[in-house]
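Structure first, then comments.
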Amino acid sequence: MKELFALGLGILFSLGLSAQPDFGFEVKPYKGAWLEHYMHLHQNPELSLMEKETSAYLYDKIKSLNYVVRKDEKGYGFVAILKNGLGPTLLYRTDMDALPIEEKTGLSFASNAIVEDAYGQLQPAMHACGHDMHMSIWLGVAEYLSKNRHLWGGTLVLVAQQAEEIGQGAKMLLDWGLYRLVPEVDMAIALHVSPELPVGTIGLREGFMMANVDMVDITVYGRGGHGANPHETVDPVVLAARLVLELQTIVSREISPIKPAVLTVGAIHGGSKGNVIPDSVVLNLTLRSFEEEVRAQMLSAIQRKTQALAMSAGLPADKSPKVHRRDEKVEALYNHPPLVQQLREIYLDSIEVQGKDSTKKKMAKTPVVEVDPQMVGEDFAYYGLTEEQVPIAMMWLGSVSKEKYLQSQFGEGYLPPLHSAYYSPDYENTLLFGVQAMLKAITGLMHVDNGKSLRERARSQQRSGR
Ligand SMILES: [Zn+2]
Ligand SMILES: [Zn+2]
């Protein structure tokens, strides 16, 4: 996203330093209640698969807004449905989980929660990925649309999903039968806070938005012994060190330079003492890609290089390194171009509606930023990967205060990324703009003649790399 910074000042000046873009929804009367949701959720984070109280909080609020709610009894995910006459069926998803990180933002309402993880271990917890903001915006949208039904038509399907951070929650809901329990879904949308874009901006992209994620563990075997007599051993520490470097040549020398790929060795575990050569060393890797072909190429190169390593060390076949692909993979997130095109039109259109007629002014006020894809993963991808072929789109929502953003453009200050103990959005502005941005998108998409045609267009689109 470095390129984003190049857009830097341009974005900020185009937004105007003081004015917050406004889509004309009367959200002020709700502000207090919505901020309360945010404070509560921020201070009460729960980890993946453990979102019991979070889910109950959302459930109670949404039930009181006259939604029909159905719960996945195997977990804490649920779906809330509101029918409002003719129009398409739109699914809008929020995630609910926090991360095992001790918050260091220094905020007066910082989380100091210590909670149990899914393995029964106590962990500090923090909403370092902004899912508290996602939920607060989602609740705000749910309330506003329930109370202002003249603004839209169709069926709203609001999904509260758990366990996004471990890439399991979306699959759990879809396996539960989400798409069979609700009317036929014409489109699905979601947003994610951006730690790089200034508040008041929306990042859009057609096509691949986030990457395939694979987690691979490699156990390198050797023959242990005394550190003073390495010639009597096969040293797996040396083999592992060589392997780390060898693996780096997969992306740099084997994958086409115009196809994005990442191979990171994030952890090495082996040995206990300086004078003991261990029997084995374990490497933990993550792989990122967009195209299936690139993904397969990386996985097979890892196999080949590990086999070659054992052979070069003179190890027998049964001492070849063991490559284990964890069941933690996430598929790449593909934003359906026709849906993104509609969203872009909806946001640009709003500028005209406000009476800014000159082209220059129209461009100057647009809150939309075209963004690059990222190598992180998002399990929202799965809502578009079932046999129903639902068109999906995820948007970035700027969350950096304008002051901090401006400083960062001059090389001052530091913008903490997502998953950082220091990440904190400009919460009040992000929340109010986020609700407005979602209301703008949903009321723009949910009108009588939209939906079916979008589905058809999405289905006929060539989806590159799939
Ligand atoms: Zn995250
Ligand atoms: Zn996230």
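Within region 103-117, the set of residues being surrounded by fewer than 16 Cβ atoms within 10 Å (Cβ to Cβ) and within 16 Å of ligand 1 (Cβ to nearest atom) comprises Asp117 only.
Might you let me know whether region 161-168 holds any residue that is in contact with a helix residue (DSSP H, G or I) (Cβ under 7 Å, 6 or more places away or on another chain), within 17 Å of Val69 (Cβ to Cβ) and within 16 Å of ligand 2 (Cβ to nearest atom)? Yes; the residues of region 161-168 include at least one that is in contact with a helix residue (DSSP H, G or I) (Cβ under 7 Å, 6 or more places away or on another chain), within 17 Å of Val69 (Cβ to Cβ) and within 16 Å of ligand 2 (Cβ to nearest atom). Listed by first and then second residue, the pairs linking a residue in region 269-280 that is touching a residue at least 12 places away in the same chain (Cβ under 8 Å) to a residue that is hydroxyl-bearing (Ser, Thr, Tyr) and part of a strand (DSSP E or B), with Cβ atoms under 6 Å apart and 6 or more places separating them unless they lie on different chains, are Ser280/Thr219; Ser280/Tyr221. Give region 148-187 a look and list any residue that's assigned to a helix (DSSP H, G or I) and in contact (Cβ under 8 Å) with a residue 12 or more places away in the chain, or say none. Listed by number, the residues that qualify are Arg149, Leu151, Gly169, Ala170, Lys171, Met172, Leu173, Leu174, Trp176, Leu178, Tyr179, Leu181. For region 267-311, the set of residues classified as loosely packed, with under 13 Cβ neighbours inside 10 Å and at pLDDT below 95 consists of Met311 only. For region 195-210, the count of residues that are within 16 Å of ligand 1 (Cβ to nearest atom), open to solvent by less than 10 Å² (accessible area, probe 1.4 Å) and under 30 Å from Lys322 (Cα atoms) is at least one.
Evaluate the following for Thr249: is it out of contact with any Gly (no Cβ under 8 Å at 6 or more places or on another chain) and part of a helix (DSSP H, G or I)? Give the steps one after another, and end with the answer.
Values: out of contact with any Gly (no Cβ under 8 Å at 6 or more places or on another chain): yes; part of a helix (DSSP H, G or I): yes.
Criteria met by Thr249.
Considering only region 120-132, I want to know if a residue exists there that is in a helix (DSSP H, G or I), farther than 28 Å from Lys440 by Cα and not β-branched (Val, Ile, Thr). Steps first, please.
If we filter region 120-132 for residues that are in a helix (DSSP H, G or I), which is where we start, we get 131-132.
Now narrow it down to the ones that are farther than 28 Å from Lys440 by Cα: none.
No, region 120-132 has no match at all.
Take the conditions (1) more than 23 Å from the chain's Cα centre (by Cα); (2) modelled with pLDDT of 95 or more; Phe78 misses just one of them, which is (1). Among the candidates Lys329, Lys322, the residue that is within 23 Å of Pro236 (Cβ to Cβ), open to solvent by 10 Å² or more (accessible area, probe 1.4 Å) and under 32 Å from the mean Cα position of the chain (by Cα) is uniquely Lys322. Where strands (runs of 3 or more DSSP E) fall wholly inside region 29-96, the ranges with 1 or more residues that are within 16 Å of ligand 1 (Cβ to nearest atom) and among the acidic types (Asp, Glu) are 89-95.
Name the one entry in Leu145, Leu181, Leu139 that is open to solvent by 10 Å² or more (accessible area, probe 1.4 Å), farther than 30 Å from Glu291 by Cα and not small (Gly, Ala, Ser). Walk me through how you get there before you give the answer.
Values: Leu145 fails: open to solvent by 10 Å² or more (accessible area, probe 1.4 Å); Leu139 fails: open to solvent by 10 Å² or more (accessible area, probe 1.4 Å).
Going through Leu145, Leu181, Leu139 in turn, the sole match is Leu181.
The values are calculated or read from the model by the stated rules, or taken from the named source; none is laboratory data. The structure displayed is predicted, hence computed values, not measured ones. Neighbour counts run over all protein chains shown; Cβ positions are idealised from the backbone, glycine included. Keep in mind that these areas ignore ligands, DNA and RNA; they rest on the heavy atoms of the full protein, side chains included. Shrake-Rupley method; radii C 1.70, N 1.55, O 1.52, S 1.80 Å.
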